Amino acid sequence: MISLDWKERLLNDTTDFFERKLPEGNFDIDIIYNAYPQRIDNKIPQVVITLVGKTLASKLAKTADKYFDFYDYLINNKGENGIIIFAYIMARAIKKKPELFLEYLEKILFKCAEQKYSNLIVDKAIYPLIKKNPLKYLDLLSKWIKKDNPYLSLSIQKLLVKLLHNDKNLVKPIFDKLESSWLYVTPTMIRLNFHVLKEIYKIKPKFYFSVYENYKNTRNPIFAEILSGAICVNNPNIQKMVELWSHSGNIKLKKIGLHAHKILIKKVKK
């Protein structure tokens, strides 16, 4: 908890930063919170950084498109605290001008070099926007997935899972969008696909089983790798599919089949 005195000081200093220092190009945001006396693991408590980020975001909301230099500075020069503040600013800014800030965030996310920062930006800034109208943004997510950035792909995987749990009606459109690229998937995309399919099993098992019914005769190694990775339970169609692969003359397909067979045995034992 932040004491009332310190909360008032942080709010006043954030306002001062916004009104006087930011317009002058003085981006040294540390001045707001560096004097805070308490530390957790030798760091400013995240609750302090969050307060500063949310307060600054509310003040920047109407004119957020004027300060891209400041946002770049936060990302490039202020470490974890800067990225947390950046994420809260983007969460407000993107509501006002989604196209402009999605384009900007796309560039930032593809340069992101740490998973936790990619997750933070996607969770705080991207997810709330997409949650309101997910069908509108499925093409954008698909485009990002196809660029095969390992950090962003995992962040999108988490985002898709949250969307699915928020609205079960998204199971088919999300799966259909992913399935349309199965022929061209990379290893990173394969992992995303089977993790999403596993999540679909938890939400709509009938739909999950319909996928295996549809692919029970497939001999495509790419499809097999996705489907074997997504095995959550044993059933006749999955058994038939795995047997087909296990006896294939295609070495890669046979290897996938034998691995999938081991997964099925474990599911039976459970």
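The values are calculated or read from the model by the stated rules, or taken from the named source; none is laboratory data. Model, not experiment: these values are computed from the prediction. With ideal geometry, Cβ positions are generated from the backbone for all residues, glycine too; neighbour counts draw on all protein chains shown. For the accessible areas, the whole protein counts, side chains as well, though only heavy atoms, and no ligand, DNA or RNA atoms are used. Shrake-Rupley method; radii C 1.70, N 1.55, O 1.52, S 1.80 Å.
Before moving on, here are some points about what is shown:
- Within segment 221-241, the set of residues being open to solvent by less than 40 Å² (accessible area, probe 1.4 Å) and either aromatic (Phe, Trp, Tyr) or closer than 28 Å to Asp148 by Cα (or both) comprises Pro221, Phe223, Ala224, Ile226, Leu227, Ser228, Gly229, Ala230, Ile231, Cys232.
- Residue match in segment 191-213 (condition: within 18 Å of Lys132 (Cα to Cα), out of contact with any strand residue (DSSP E or B) (no Cβ under 6 Å at 6 or more places or on another chain) and not charged (D, E, K, R)): no
- For segment 78-95, the set of residues classified as open to solvent by 10 Å² or more (accessible area, probe 1.4 Å) and touching a residue at least 40 places away in the same chain (Cβ under 8 Å) consists of Lys78, Asn81, listed by residue number.
- Residue count for segment 164-182 under the criterion of being open to solvent by 50 Å² or more (accessible area, probe 1.4 Å), under 19 Å from the mean Cα position of the chain (by Cα) and either over 17 Å from Lys143 (Cβ atoms) or among the aromatic types (Phe, Trp, Tyr) (or both): the result is 4.
- Meets criteria (open to solvent by 20 Å² or more (accessible area, probe 1.4 Å) and either of a type in the set (Asp, Glu) or farther than 16 Å from Leu192 by Cβ (or both)) for Lys147: no
- Scanning segment 199-208 for residues that are open to solvent by 20 Å² or more (accessible area, probe 1.4 Å) and among the aromatic types (Phe, Trp, Tyr) turns up Tyr201, Phe207.
- Subset of segment 27-46 (residues that are surrounded by fewer than 16 Cβ atoms within 10 Å (Cβ to Cβ) and either at pLDDT 95 or above or charged (D, E, K, R) (or both)): Asp28, Asp30, Arg39, Asp41, Lys43
- Long-range neighbours under 6 Å by Cβ, at least six apart or interchain, first residue on the phi > 0 side of the Ramachandran plot within segment 137-162, second open to solvent by less than 10 Å² (accessible area, probe 1.4 Å): none
- Single match in Val211, Val185, Val122, Val196 (criterion: over 30 Å from Gly82 (Cβ atoms), out of contact with any Lys or Arg (no Cβ under 7 Å at 6 or more places or on another chain), surrounded by 20 or more Cβ atoms within 10 Å (Cβ to Cβ) and at pLDDT 95 or above): Val196
- Test: residue in segment 125-147 that is touching a Leu at 6+ places or on another chain (Cβ under 7 Å), in a helix (DSSP H, G or I) and closer than 22 Å to Phe223 by Cα: yes
- Selected residue (only one of Ile190, Ile263 is open to solvent by less than 20 Å² (accessible area, probe 1.4 Å) and within 27 Å of Leu154 (Cβ to Cβ)): Ile190
- Of the residues making up segment 150-163, just one is more than 10 Å from the chain's Cα centre (by Cα) and open to solvent by less than 20 Å² (accessible area, probe 1.4 Å), namely Leu163.
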